[in-house]
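Single-structure report; data block below.
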Amino acid sequence: MKKLRVLLVDDEIMIREGFKKLFDWEAHDCEVAGEAADGMEALAQIDALDPDIVIMDINIPVMNGLKVIQLSRIKHPDTAFVIVSGYDDFSYCREALRLKITDYILKPVNYEEFGSCIDNLKISLFNKNSSGETEQYEERTINKITRYMQEHLADDISLSVLSEEFYLSSQYISQLFKTEIGVNFLAYLTNIRMEKAKKLLLSSSLTIAEIAEQCGYGDYRVFTKVFRKTEGITPSQFRRDFLDS
């Protein structure tokens, strides 16, 4: 697992040094990537370093920590913020919660508790990244599957065929259609077959049987039945209505 990059923000150099020397970042798969002593410097460092975690006091010069978080959220929505403050003030806590900070820790820092905070944060970031990677994988997979279907409409297409082609379970592929496209497999297949059928009916002189075959229906009577059910008219009527218009 790659180390998480940490930015320390506090106007007291002794506090920053304490974090660096009294806490074992290495043991928690983290590294201190930078420091800042005021709000403007913190914003600049966040932009420059794009840290995974920012450990920050609220009461810092130039711009307070809560304002830094608010502005940082615009360009760095995934950065985790941990507030370390000497103020046990409900209004600060409420505002911090509104800004969706990860934790609010009071000074003087208990480094054992702080370690638990970092470990929980590490797990949270890992799960979020894993979730994002999973979503990207599923999106790429469904794109490959639908492209294959478009290119093989004349062939027999079923969940079992796709399962063998892509080395995925039929159940998983079925679930992908529901989560990524929002319809079930059969509804999607029927839709793209009907779309191709309509194009061929309007742009070619192929017979209904030939169009049915190119759209994956070996029996033109089945094709006609499905077409009428989805479009409200038969393929012949669809073609005739277009030609007469």
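The values are calculated or read from the model by the stated rules, or taken from the named source; none is laboratory data. Just so it is clear, the structure is predicted and the values come from calculations on it, not from any experiment. Quick reminder, even Gly has a Cβ in these numbers, built from the backbone with ideal geometry, and neighbours come from all protein chains shown. To get the accessible areas, we keep the full protein, side chains included, count just its heavy atoms, and leave off ligands, DNA and RNA. Shrake-Rupley method; radii C 1.70, N 1.55, O 1.52, S 1.80 Å.
Taking region 10-29 only, how many residues are farther than 20 Å from ILE58 by Cβ and over 34 Å from the mean Cα position of the chain (by Cα)?
2
Suppose the filter is of a type in the set (A, V, I, L, M), under 30 Å from HIS28 (Cβ atoms) and either loosely packed, with under 14 Cβ neighbours inside 10 Å or in contact with a helix residue (DSSP H, G or I) (Cβ under 8 Å, 6 or more places away or on another chain) (or both); does ILE123 pass it?
Numbers: of a type in the set (A, V, I, L, M): yes; under 30 Å from HIS28 (Cβ atoms): yes; either loosely packed, with under 14 Cβ neighbours inside 10 Å or in contact with a helix residue (DSSP H, G or I) (Cβ under 8 Å, 6 or more places away or on another chain) (or both): yes.
Yes; evaluated as a whole, the condition is true for this residue.
Please go through region 39-55 and pick out each residue that is under 20 Å from GLY115 (Cβ atoms) and either open to solvent by 20 Å² or more (accessible area, probe 1.4 Å) or out of contact with any helix residue (DSSP H, G or I) (no Cβ under 9 Å at 6 or more places or on another chain) (or both). Write out each step before concluding.
Initially, region 39-55 is screened for residues under 20 Å from GLY115 (Cβ atoms), giving 51-55.
The one that is under 20 Å from GLY115 (Cβ atoms) and either open to solvent by 20 Å² or more (accessible area, probe 1.4 Å) or out of contact with any helix residue (DSSP H, G or I) (no Cβ under 9 Å at 6 or more places or on another chain) (or both): ASP52.
So which of GLU135, GLU139 ends up being without any contact (Cβ under 8 Å) to a residue 40 or more places away in the chain and either assigned to a helix (DSSP H, G or I) or among the β-branched types (Val, Ile, Thr) (or both)?
Details: GLU139 fails: without any contact (Cβ under 8 Å) to a residue 40 or more places away in the chain.
So the residue among GLU135, GLU139 that is without any contact (Cβ under 8 Å) to a residue 40 or more places away in the chain and either assigned to a helix (DSSP H, G or I) or among the β-branched types (Val, Ile, Thr) (or both) is GLU135.
Suppose the filter is within 30 Å of ARG193 (Cα to Cα), out of contact with any His (no Cβ under 9 Å at 6 or more places or on another chain) and open to solvent by 50 Å² or more (accessible area, probe 1.4 Å); does GLU112 pass it? Outline the logic, then answer.
Details: within 30 Å of ARG193 (Cα to Cα): no; out of contact with any His (no Cβ under 9 Å at 6 or more places or on another chain): yes; open to solvent by 50 Å² or more (accessible area, probe 1.4 Å): yes.
Judged against the criteria, GLU112 is not a match.
Could you list, in sequence order, all residues of region 111-132 that are among the β-branched types (Val, Ile, Thr) and free of Cβ contacts under 8 Å to residues at least 12 places away in the same chain? Even if it seems obvious, please write down each step before you answer.
Initially, region 111-132 is screened for residues among the β-branched types (Val, Ile, Thr), giving 118, 123.
Correct list: ILE123 only.
Across region 75-100, which residue is most open to solvent (accessible area, probe 1.4 Å) among those that are farther than 19 Å from ARG16 by Cβ and either modelled with pLDDT of 85 or more or not in a helix (DSSP H, G or I) (or both)?
Within region 75-100, the subset farther than 19 Å from ARG16 by Cβ is 75-78, 88-100.
Adding the requirement that they be either modelled with pLDDT of 85 or more or not in a helix (DSSP H, G or I) (or both) leaves 75-78, 88-89, 99-100.
On the way: LYS75: 134, HIS76: 23, PRO77: 80, ASP78: 103, ASP88: 125, ASP89: 60, LEU99: 17, LYS100: 160 Å².
That would be LYS100.
Just to be sure I understand the filter: pairs with C-beta atoms under 9 Å, separated by 6 or more residues or on different chains, first member in region 20-38 and surrounded by fewer than 14 Cβ atoms within 10 Å (Cβ to Cβ), second member among the β-branched types (Val, Ile, Thr) and in a loop (DSSP other than H, G, I, E, B). Which pairs pass?
Within 9 Å, the pairs are LEU22/VAL109.
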